[in-house]
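The structure appears right after this line, and notes come after that.
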Amino acid sequence: DKRLMELVISNLLSNAVKYTPEDGRVEVSIGCSKERLMIEVSDSGIGIPEKEQEELFSEFFRASNARKLNVEGTGLGLAAVKLAVEKNDGNILVESPGSLASDANPGTTIRLSFPVAAGSQ
């Protein structure tokens, strides 16, 4: 579903930019095999505290470090992303070393994987 995929990519990029400092980086990579389409969005932002990662896709959830920064958000974007990914028979995986006590930003990587429709290559 093209509209859902636009929502997914837009939300992931928006979050990556929103939680990454000006001198940080945001990277997107896309790959495809015969069976799967893979999309990865990586940033060098504030990360997600390890204890809170299980709740990341819950409606209205916002990580404690994001709330401390007073960055605007509703906590609905990633819940919508997960629903859209699953509606398209996809998988989503989040990797973040967690929020570090130092000034370093641990970053976050979100990986999406979707089955490739027959005849679409």
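The numbers here are math on the coordinates, done by the rules we state, and not lab data. Everything quoted here is computed from the prediction, not taken from an experiment. No Cβ is skipped: glycine too gets one built from the backbone with ideal geometry, and neighbour counts run over all protein chains shown.
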- Task: Mind putting a number on the dipole of the chain about its Cα centre? Charges go on the C-beta only, +1 for Lys and Arg and -1 for Asp and Glu, and I need it in Debye to the nearest 20.
- Result: 240
- Item | Dipole-positive endmost among 76, 26, 107 within the chain (Cβ charges, Cα centre) | 76
- Hey, how much of the P(r) for the chain falls beyond 17 Å, as a percent of Cα pairs? 56
- Across the chain, qualifying lysine pairs (alpha carbons under 23 Å, at least 8 places apart or different chains) come out at 9
